[in-house]
1. Would you mind ranking B:430, A:68, A:210 by Cβ crowding within 10 Å, fewest neighbours first?
2. Please compute, for peptide A:163-176, the average count of beta-carbon atoms on other protein chains lying within 10 Å of each residue's beta-carbon.
3. Counting DSSP beta bridges with both partners in segment A:28-244, what percentage is antiparallel, nearest 5?
4. From other protein chains only, count the Cβ atoms within 10 Å of every residue's Cβ in A:228-234, then give the mean.
5. Test of understanding: ordering B:29, A:17, B:419 by Cβ neighbours within 10 Å, fewest first, what list do you get?
6. What ranking, highest mean first, results for peptides A:43-53, B:264-274 when packing means the other Cβ atoms within 10 Å averaged over each residue?
7. Most exposed first by the Cβ proxy, i.e. fewest other Cβ within 10 Å, how do B:103, B:448 rank?
8. Run lengths n ≥ 4 of DSSP H only: what is the helix-derived mean residue ellipticity at 222 nm for chain A, with -39500 (n - 2.57) per run over all residues, to the nearest 500?
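Please treat every number below as a calculation from the coordinates, not as lab data. Keep in mind it's a predicted model, so treat the numbers as computed, not measured. Cβ: placed from backbone, ideal geometry, glycine included. Neighbour counts: every protein chain shown.
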C-alpha cells in the first residue's frame, strides 16, 4: 500500500468525493474514471467521517477497471490532526464503522463528533489490532506537538502509521516538505505523497468554490480567503507526483 | 377627471365634485361620460404618481405625529392617510384644534380634505369617508358604544373589497347594524373572516396598529414657528437651536450621532429632507451644524407652481423643522483637556481628522471621499479597495478570528508592489521550477536562491469587464517565486500561465516582475 514515488505506480490516497457534502466537487465515478485515464491502478475514497461514497466509488472503479481503496478521513472535534483510515480487512472495516457510528450518535444529524480519546483510549477497539492503516494528514503549519502526536500514534496504536505530505503551492512547499520529512524521520514513520483531491480535473475548482460559498453562507465576492488558493486539488498523473516529490523518494 | 384603460374600454377612475354633480361616476366608460357632458376635461390616470404624492403627503404629516402612513387601495375605496395621534394631540391644543390645523393647512395648498377622527382605526376610516356629507370633518368619539354609533353607516364603510360588498348587498344587508346582527360563523363561511375582523376593528375589539412609513426615530426634535421663516439666516439659527438641544439629549444618554436627518416643512406642503453622516459618533453641535449647513446652502430652488416670485417665496417658507439622529452609537464622556480649544492645539485634536472627513464628505459628496480598506483576495493587487469614508469602518468580510488583522497577509507579500507587473525575460526549467536568470530593464539578474511556486488561480467569477480597472493583462493561473539574485536583491516574479495547461503551445507563458522584497 505504500507509495514509492519512483515506481511508475501512484495511487491517490486522499480523495474527497461529493459524499462529503459541500466539500468534494466530483462524483466518485468521475474520480475513478479519471484515475484510470491517468494510469493509476487504484483510487481511494476517503470522505470526511463517512463511508457513504465507497459504494459508488466501487462501482465506478469496477467500470473503469481499477481497484478502489475503501477508507475514511477522520476529522476530530478537539483539534487532533485529521487521519486517513484505510482498513485492509473486514474486521478493521467493522471497527471503523463502529467508531463512526459512535461519533455520529454523539452529534446532531449529519455531524460526527470524535476526539483523541476515541483514538488512544486503551479500551477503544477501533485502532487496536492489525489491519488498520492510518495516515496522519499534516496540518498547514505543523505545530510543536505534531511530532509527539505521531510518536504516540506509532507507539500506542497497533496500526500501520504513515504521514501524508501534500504540495499546497503556497510558495513554501520545499521548506514545508523538508520539515515534514524531518518530522517523519524523527518519529520513525514513513512519508506518503497525497494530493488531497477534491475533484478529478482542475476545471472543477469553480464548482468547489461555489460549494464553499454555500457552506459558509456567503457570496463569492465576500468569501475571500475561505476559497481555495488554486486549482491543484485534482487527481494528478504519477509522473507529475513523482516530479513534485522527487526529493523524497 | 381621470381616466384609465380597463378591460378594453377606457373608464373613468376619478371624477371631480363638479363632474359628479353632472351625473358622472368612477367606472363609467369614457364614451358614456362624453355623451353626458361633452366639455369634459380628461387626464390620464397615473397610479404611480398618485402613490408618490400620497407618500409625500404622509411625510408631510409627520409634522403632527411620527406615525403617519398612506392607506392604499388594498383596503378598498379611495386611498388616504392614517395618522396615529395618540399622545400628540395635546401639543397642538387638543384633537379638534389639531384636526382644524391639519385640514386648514391642506385646504390652503389646494387639497380637498375629508378627515375622520375616532378612537379606532376602522371608525376613523368610516368617519372620513361616510360621515355627514356637508362637513369636511367628522368626529366619532364612541368610547365603547361603537356598535350603536356606527350602526347607521353603510357596509362600505368597513373597508371591504368590492366583491364582498356586492355579495353582502345582494343579501339585502345595507348598513353596519345589519351585518353585526348576523351570526359570525355563517358570515365567515360565505365571505371569509375579513368582514368579522373589520367589524371588530371598527368596534375597537381588536387592535389594529398602523405601520408608519418611516420608523419613528428615538432622537427627534421638532420646532414649529408661529410665523413661517423665509430668511436663510433665521432657518440656520433655528436649526442650530435644535442641534444644541439634540446634542444635550445625546450627551445625557452618552450617545453620539452617526446620521442626521433634517426635515424642513414648507408652507406649500412640501418637505425637504437633508441627511448628513459622520465618520465617528459625534455630539458636538458646532460640528453637526457645519455638516447640515453645507447642504442647507446647496438646497435646490424648490419647484413651484406659484405665478409670481413673491408667492413662490411665500410657498417656500418654512413652518416646522425636525431634526433627528437616525443613527446613533454609544459615545462616552471624555474629559476635556485643559488646553483644548487653544488655537495651536487643533492638530492634536483626535476629532480633527474625522471632522475634516465629515466636512469634505458633505461638500464633495459622500462617494468622493474614500478610505482604503482591506479585502480578502489571494490576488495581490486586489487585497485593498477603497470605500466611502463615511461607510462603516469594518465592511463585513469573512468571519475571521478577531486577532486576525485584515491587513496582515497570510502568505509572504513584498513591501513594495508594482502597480502594473513588468514583463521580464526569464529562463526557467519547465514546468514549474524557479527561473535561473531574468532580464529586467536590460539588466541581467542571475538567481542564486529561490522559493516557490505559490500558485494563485484567477478569480473566475469576475468578468474581465468588471475587473478592467484593476487587472493586468490577461488573467491566468500565476506561479509566484521569491528569488534573490547574486547581489542579494530580492524580487517577486511570477509566470502567467502553466506550461502543462497552457492554451497555446506557440505562445509560452510570460514572466513578470511584480514586487521587491527590499
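1. On the way: B:430 10, A:68 25, A:210 16.
In increasing order of surrounding Cβ atoms, one gets B:430, A:210, A:68.
2. Details: counts 0, 0, 0, 0, 3, 2, 10, 10, 13, 6, 5, 5, 1, 0.
Mean partner shielding for this stretch: 4.
3. Values: 8 of 24 bridges.
Of those bridges, close to 35 percent are antiparallel.
4. Details: counts 2, 7, 11, 7, 3, 0, 0.
For this peptide, the per-residue mean of nearby foreign Cβ atoms is 4.
5. Details: B:29 16, A:17 30, B:419 8.
If I rank by nearby Cβ atoms, fewest first, I get B:419, B:29, A:17.
6. Working: A:43-53: 24.0, B:264-274: 19.1.
Ranking, from highest mean packing down: A:43-53, B:264-274.
7. B:448, B:103
8. Computed mean residue ellipticity for chain A: -10500 deg cm²/dmol.
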